[in-house]
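Encoded as structure tokens, the structure appears first; notes follow it.
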Amino acid sequence: MSIPAASIEVPDRVRHLAAGAALTPVWRNAIGGLTFRTDDGRYIKWGPHDPEATMRDEAERMRWARTWITVPDVIAQGQDEAHEWLVTAALPGHSAVDPCWASSPETAVRAVGLGLRALHDALPVAECPWTWSPDERIANAAVRGTTVPTDLHEAPSIDRLVVCHGDACLPNTLLDDDGRPLAHVDLAALGVADRWADIAVGAMSTLWNFGPGWEDTLIAAYGVDPDRTRLEYYRRLWNAT
């Protein structure tokens, strides 16, 4: 994951979707997908088809979740034989890993923990049409040709079933100017699972973005004591699938 250079070549599809708006590149993902911000208040995501979660998945989940939580409004979504794209309305916030939080990581980390708890408390499990269980994730990995270690096939007992974000890394929570959780993005894997599937990934991502020492801060802000067994399992499952 990286911020692309301002001089990056803009794909033709993105220029068409921009419809004359000026474009600023803001993100490149691990499979070559690009995200651009327009000067008229939109974000355009474009990239190769992702075998793990599609932009169609993301659009469907955002349209569902917006009844209960703040997520970007979906403006357009589509695909062709090689690529897919998603256009959403910009929200008035900054990612929890935006440079503006570099000098106050505790504010950002606590906000992500609070925001994740609010998401789990708000989204109704009984009404969610998707799941994100370990069995499903392991089966999907097998379809992609990935072998998951045998000891991960038996998950810990369920602590609390919630609608999980599915990619609760720090960049996917937006904060307002006062450092409070504002919205969630990148919901392509949203589905019902044990809450520790999200907590483990959120806590682990503090290492990637702010270095060691912040994992338990996020967990405390979420409002639980660290469960080392579930944290270890769901971190390993994330890395394996």
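Nothing in this text is a laboratory measurement; each read-out follows from the coordinates by a stated rule. These figures come from a predicted structure and were not determined experimentally. Positions of Cβ are generated from backbone atoms using ideal geometry, with glycine treated the same way; all protein chains shown enter the neighbour counts.
Quickly estimate the mean residue ellipticity at 222 nm for the chain, helices only: each DSSP H run with n ≥ 4 gives -39500 (n - 2.57), and the total goes over all residues, rounded to 500. Provide the component values of the computation, followed by the final result.
Details: 7 runs with 83 residues, N = 241.
Calculated at 222 nm, the ellipticity per residue is -10500 deg cm²/dmol.
Which distance in Å, rounded to a whole number, links the C-alpha centroids of segment 80-127 and segment 7-30?
Here the answer is 22 Å between Cα centres.
Suppose a student asked you for the relative contact order of the chain, using Cα pairs under 8 Å spaced at least 6 residues apart; what percent would you report?
On the way: 434 pairs, mean separation 44.8, N = 241.
19 percent.
Sort SER104, SER95 by Cβ crowding within 10 Å, fewest neighbours at the top. Before the final figure, lay out the partial values.
Numbers: SER104 11, SER95 19.
The order, fewest Cβ neighbours first, is SER104, SER95.
Going by Cα centres, segment 46-68 and segment 137-192 are how many Å apart?
Here the answer is 14 Å between Cα centres.
Can you compute the modelled spin-label distance between GLN79 and SER7, with each label point 7 Å from Cα toward Cβ, in nm?
With each label placed 7 Å out from Cα toward Cβ, I get 3.4 nm.
Starting with the fewest neighbours, write out HIS153, HIS49 ranked by other beta-carbon atoms found within 10 Å of each beta-carbon.
Working: HIS153 11, HIS49 15.
Result, fewest neighbours first: HIS153, HIS49.
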